[in-house]
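Working notes, structure below.
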Amino acid sequence: QVQLVESGGGLVQPGGSLRLSCAASGFRFSNYAMSWYRQAPGKEREWVAVIISTGGRPNYADSVKDRFTISRDNAKKTVYLQMDSLKPEDTAVYYCNAEMSSYGRVPVFAWGQGTQVTVSS
């Protein structure tokens, strides 16, 4: 049974940082590219970042480029998202998923519960 468990969200002031984690199980983690997505209230879920199976070639949405960093630990079956210089528009529920494509935007599995990130003063 596939499980994707996101954690690390919270309330942070603008300009602050958070590190999200996603623990994966039930599939061969090291075979898949992994992405982070987010969904803000009243909006569609959007892709944020992808990292290929070996941990290289990260790619980011323009809205988070140079502020967010995606990484992974295949031994721990975990993908991370380091978020710096956070803005109020980053407020959303954040999700991870495995990818059909190394370019992202083609999620494979059902979504987990996500982790809430709120950026507010």
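The values are calculated or read from the model by the stated rules, or taken from the named source; none is laboratory data. Every value quoted in this text rests on a predicted model; they were computed, and no experiment measured them. Glycine also receives a Cβ, built like all others from the backbone with ideal geometry; neighbour counts cover every protein chain displayed. SASA here: full protein model, heavy atoms, side chains in, ligands and nucleic acids out. Shrake-Rupley method; radii C 1.70, N 1.55, O 1.52, S 1.80 Å.
Points to keep in mind about this one:
- The dipole here belongs to the chain: it is taken about the Cα centre, uses +1 on the Cβ of Lys and Arg and -1 on the Cβ of Asp and Glu, and is about 260 debye.
- Point-charge dipole on Cβ atoms (K/R +1, D/E -1) for region 1-63, about Cα centre, debye to 20: 120 debye
- Residue-normalised accessible area of the chain, expressed per residue, 1.4 Å probe, Å²: 51 Å²
- In region 39-114, the portion of solvent-accessible area held by carbon and sulfur atoms comes to 49 percent [1.4 Å probe, whole percent, DNA, RNA and ligands not counted].
- Among 18-24, 53-59, the peptide with the highest mean count of other Cβ atoms within 10 Å heads the list, and the full ranking is 18-24, 53-59.
- Within the shell defined by Cβ-Cβ distances under 14 Å, the residues around Gly15 carry a net charge of -1, with Lys and Arg each +1 and Asp and Glu each -1.
- Sorting Met34, Met100 by accessible area puts them as Met100, Met34; the probe is 1.4 Å, largest comes first, and only protein heavy atoms count.
- Farthest toward positive dipole pole in region 13-121 [+1 Lys/Arg, -1 Asp/Glu at C-beta], among Tyr103, Ser25, Ala40: Ser25
- Cβ-defined net charge surrounding Asn97, 11 Å radius [Lys, Arg +1; Asp, Glu -1]: 0
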